[in-house]
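Accompanying notes for the structure given below.
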Amino acid sequence: MDMIISSSAALLSARNGITSQVGLLWQQTKAPLIAPLLRILLFVCLALSFMLFVERLYMGIVIAFIKLLRRKPEKNYKWEPMKKDDLELGNSSYPVVLVQIPMYNEKEVYQLSIGAACNLSWPANRIFIQVLDDSTDPAIKALVEKECSRWASKGINIKYEIRDNRKGYKAGALKEGMKHSYVKLCSHVAIFDADFQPEPDFLERAIPFLVHNPEIGLVQARWEFVNADECLMTRMQEISLGYHFTVEQEVGSAIHAFFGFNGTAGVWRMSALNEAGGWKDRTTVEDMDLAVRAGLNGWKFVYVGNLKVKNELPSTFKAYRYQQHRWSCGPANLFRKMAMEIATNKKVSVWKKFYLIYSFFFVRKIIAHIVTFILYCVVMPATVFVPEVQVPKWGAIYIPSAITLLNVLGSPRSMYLVVYWILFENVMSLHRTKATFIGLFESGRVNEWIVTEKLGDALKTKMGTKAHKKLRFRVGERVHLLDLFVGLYLWFCGWYDFSFGKSRFHVYLFLQAAAFFVVGFGYVGVFVPNS
């Protein structure tokens with residue numbers, strides 16, 4: 001017994017000795033090494049955060065003036081309805097339009113998108129509807145081809161086009177679609193992803209901008225989400241995209257006549273598209289790539305916010321995460337490829353080049369993702385261990401609050417969800433930051449393209465019906481280790497601050513850690529309606 005007591009005492013003494021040594025080492029390195037490094041990181045992050053705040057404030061002021069002055073595109077540019085029933089001209093006053101619908105194994109939505117395109121109000125002899133089917137499932141390909149044949153039998157000028165490979169993914173399909181002989185007859189091309197459902201008057205409202213204003217190369221419509229109220233995750237997406245469409249696109253159109261093409265629900269002037277070099281598959285944001293190249297050629301873009309096209313938000317976290325990887329990695333990679341080309345361009349003004357490099361790319365596509373994660377989920381939590389480094393109130397409270405309020409302007413109905421949105425966006429900033437670095441350094445999954453899963457008619461199922469849980473439990477499929485690791489870090493920071501600190505960061509840290517745990521254990525974006 002004495003030996004056991006003696007051994008236990010020795011073990012306890014050894015542990016205390018190790019703890020003391022670790023504590024001594026921390027104290028010796030904290031002041032000369034850790035504190036200065038953390039102070040530098042904090043200074044850089046606060047500077048970037050201030051840049052983001054200024055950008056948001058600038059756009060907030062501009063959008064306020066746009067709304068007050070009611071500067072609609074129809075007033076800024078010449079717009080007249082297409083002439084109908086002209087006995088002399090017949091339908092020749094209508095330009096020939098190509099409608100492209102790229103799809104890949106879109107079993108749930110192919111009928112919706114094809115049907116909507118075929119119901120567009122436009123003379124039948126002045127429109128070609130092109131279904132670009134890259135499906136790898138023979139059964140789905142047969143269904144899509146049958147649907148095209150059904151509409152063709154009704155007199156619709158619809159073409160079902162396939163290719164023998166998926167090189168270049170969506171960009172490759174769109175580029176291949178341009179090679180067909182009938183495309184040479186078309187002066188404009190409208191693009192709709194497989195879940196987009198334009199209203200019958202879409203072309204009648206969009207095409208006049210291009211017909212009456214030869215300097216306009218693109219008309220972009222707003223997205224309207226059919227499943228925004230499906231779950232909390234789709235509401236969070238609506239807030240983020242609401243700001244993009246209500247503020248970013250509107251300001252870019254009104255002030256700079258430039259914005260990033262959204263890849264769908266838009267109409268291009270064929271000459272602008274061809275002059276820019278057509279579709280390229282060098283990044284996963286072929287739409288933004290084309291827009292930047294066309295913008296550098298001097299073409300103007302018009303965003304029509306009251307022209308809305310229905311579509312679907314990702315209903316599962318897995319689908320949303322893949323989408324956000326593509327949307328974050330692609331712009332960063334495009335910035336890497338085009339920064340010098342933009343800077344040396346001689347066709348556009350210095351002001352527009354500055355806007356593209358600084359505002360459009362650097363602040364919105366790089367800083368916005370990186371500073372959110374590094375400042376609020378890494379650096380600020382770390383300061384609880386180093387009281388010598390103080391986070392100023394303006395950086396910890398005032399600027400983040402202002403940025404948040406400016407962001408939720410696009411979705412006023414969801415103001416009461418702002419706390420959930422902040423926590424969710426901070427979690428997503430981890431994945432966006434990772435994707436941004438992959439794009440900047442062109443490594444790993446830089447060219448990964450996973451088509452966003454869609455539910456289509458399954459959304460009409462009663463919300464009480466839940467999808468069956470999978471019995472399989474795979475690490476990485478349901479459990480996300482990186483999110484759990486960050487959650488543990490934040491929880492430990494919160495516990496330390498609660499026990500020993502005086503900053504009261506622990507309230508935020510515990511909430512944010514809980515958000516990371518919820519996502520890490522796969523309890524968000526899991527239950528969806530049955531198809």
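Here are a few things to note about the model shown:
- Relative to one another, the C-alpha centroids of segment 498-524 and segment 257-295 are positioned 42 Å apart.
- The stretch between Ala402 and Ser271, if pulled fully straight at 0.36 nm per residue, gains 42.9 nm over its current Cα-Cα span.
- Percent of Cα pairs exceeding the 16 Å cut-off, where the set is segment 365-429: 52
- Cα lying deepest toward the dipole's positive end in segment 225-336, options Leu232, Ala294, Phe317, charges on Cβ: Ala294
- Asp137-Lys393 FRET efficiency (beta carbon distance; Förster radius 35 Å; 0.05 resolution): 0.05
- Relative packing of peptides 272-284, 136-148 - highest average C-beta neighbours within 10 Å first: 272-284, 136-148
- Only lysines eight or more places from Lys337 in sequence, or on another chain, were considered; those with a Cα closer than 16 Å are Lys280, Lys353, Lys365.
- Ranked order, Phe261, Phe50 - accessible area, probe 1.4 Å, largest first: Phe50, Phe261
- Cα-centre dipole for the chain with unit charges at Cβ (Lys and Arg positive, Asp and Glu negative), debye to 20: 540
- Label-point gap, in nm, between Leu57 and Glu341 - each point 7 angstrom along Cα→Cβ: 3.5
- Judged by the gyration tensor of its Cα atoms, with axes a ≥ b ≥ c, segment 123-180 is oblate; a/c meets the 1.5 cut and b/c is at least as large as a/b.
- A straight Cα-to-Cα reach below 12 Å connects Lys83 with the aspartates and glutamates Glu204, residues fewer than 8 places away in its own chain not being considered.
- Ranked order, Met340, Met51, Met380 - accessible area, probe 1.4 Å, largest first: Met340, Met51, Met380
- Using a probe of 1.4 Å, the accessible surface attributed to Trp449 totals some 40 Å² when neighbouring protein chains are kept in position.
- Accessible area per residue was computed with a 1.4 Å probe on protein heavy atoms; Glu108 scores about 70 Å².
- Legend: residues Val371, Val211, sorted from most to least accessible area (1.4 Å probe; ligands, DNA and RNA excluded), read Val211, Val371.
- Sum of -39500 (n - 2.57) over DSSP H runs of 4+, divided by residues of the chain (222 nm, nearest 500): -15000 deg cm²/dmol
- Cα gyration tensor shape for segment 116-249, rounded if a/c is under 1.5, else prolate or oblate: oblate
- Highest-first arrangement of 197-203, 360-366, where packing means the average Cβ count within 10 Å: 360-366, 197-203
- Normalised by 2.2 N^0.38 Å, where N counts its residues, the alpha-carbon radius of gyration of segment 216-333 equals 1.09.
- Accessible area of His480 in the full protein assembly, 1.4 Å probe (Å², nearest 10): 20
- Across segment 286-292, rounded Karplus estimates of 3J(HN,Hα) from the backbone phi angles (6.51 cos²θ - 1.76 cosθ + 1.60, θ = phi - 60°) give 4, 5, 5, 4, 4, 4, 5 Hz, Gly and Pro being marked x.
- Of the residues Phe385, His369, Tyr355, the one whose Cα sits farthest towards the positive end of the charge dipole of segment 335-385 is Tyr355 (charges of +1 on Lys and Arg Cβ, -1 on Asp and Glu Cβ, taken about the Cα centre).
- Overall form of segment 37-99 per C-alpha gyration tensor (a/c, 1.5; a/b vs b/c): oblate
- Heavy-atom accessible area per residue - the chain, 1.4 Å, Å²: 48
- Ordering Trp79, Ser92, Leu37 by Cα displacement along the dipole of the chain toward the positive end leaves Leu37 in first place; charges were set at the Cβ atoms of Lys, Arg (+1) and Asp, Glu (-1).
The values are calculated or read from the model by the stated rules, or taken from the named source; none is laboratory data. Just so it is clear, the structure is predicted and the values come from calculations on it, not from any experiment. Cβ coordinates were reconstructed from backbone atoms using ideal geometry, including for glycine residues, and neighbour counts include every protein chain displayed. Surface areas here come from the heavy atoms of the whole protein model, side chains and all, with no ligands, DNA or RNA. Shrake-Rupley method; radii C 1.70, N 1.55, O 1.52, S 1.80 Å.
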